[in-house]
């Protein structure tokens, strides 16, 4: 891929990633401000976060599939790729929505930690890890805010 095309793809990924934060921020704010509908907003946020966790894992699946030869790193990355969706599913069925939102923030944070390890081992691009860091920070903060909305 030429340098120009790679830069275009990165810009588009940043735009899509930032756009993907809109449901996190909007639903967290609605959860915090609207006590009457907060349970519905929290549920919607939880389901959206679960889909994002699955997406975060699937990125690793996609990175490995483009490789011609499988190394130990690729096998680990492929095995890891299914963990976020399983963890997200477990969180969505396991607890009261406010607690589940906080647990989902922990799932996304754990995914970031694993991505940090893969980034250090050059299994994911540096630009992607930088983007993931920003996106995970905002998403996790939104989940925690919504999880504590109305608590007390």
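The values are calculated or read from the model by the stated rules, or taken from the named source; none is laboratory data. Predicted model only: the values in this text are computed from it and were never measured. Virtual Cβ from ideal backbone geometry, glycine too; neighbours counted across all protein chains shown.
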Using the structure shown, decide if residue 95 is at pLDDT below 95 and over 17 Å from residue 59 (Cα atoms).
yes
Residues being in a helix (DSSP H, G or I) and more than 24 Å from residue 114 (Cα to Cα): count how many of those fall in the range 26-68.
15
Among (1) under 18 Å from the mean Cα position of the chain (by Cα); (2) farther than 27 Å from residue 27 by Cβ; (3) surrounded by 18 or more Cβ atoms within 10 Å (Cβ to Cβ), there is one condition residue 147 misses while meeting the rest; what is its number?
(2)
Any residue that is touching a helix residue (DSSP H, G or I) at 6+ places or on another chain (Cβ under 8 Å) and closer than 22 Å to residue 93 by Cα - is there at least one of those in the range 7-24?
yes
Residue 42 is checked against (1) farther than 19 Å from residue 17 by Cα; (2) free of Cβ contacts under 8 Å to residues at least 12 places away in the same chain and fails just one. What number does that condition carry?
(2)
Could we say that residue 135 is assigned to a helix (DSSP H, G or I), within 15 Å of the chain's Cα centre (by Cα) and over 28 Å from residue 10 (Cβ atoms) here?
no
Please specify each residue of the range 56-70 satisfying the condition of being touching a helix residue (DSSP H, G or I) at 6+ places or on another chain (Cβ under 9 Å) and farther than 15 Å from residue 140 by Cα.
57, 58, 59, 60, 61, 62, 63, 64, 65, 67, 70
Across the range 111-133, what is the total count of residues that are within 13 Å of residue 21 (Cα to Cα) and in contact (Cβ under 8 Å) with a residue 60 or more places away in the chain?
2
Would you mind finding the one in 89, 127 that is within 25 Å of residue 12 (Cβ to Cβ), over 12 Å from the mean Cα position of the chain (by Cα) and surrounded by fewer than 20 Cβ atoms within 10 Å (Cβ to Cβ)?
127
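To keep it simple, each residue is scored yes or no on (1) over 17 Å from residue 108 (Cβ atoms); (2) in contact with a strand residue (DSSP E or B) (Cβ under 7 Å, 6 or more places away or on another chain); (3) surrounded by 13 or more Cβ atoms within 10 Å (Cβ to Cβ); (4) at pLDDT below 90.
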position	(1), (2), (3), (4)
21	no, no, yes, no
30	yes, no, yes, no
44	no, no, yes, no
60	no, no, yes, no
64	yes, no, yes, no
70	yes, no, no, yes
77	yes, no, yes, no
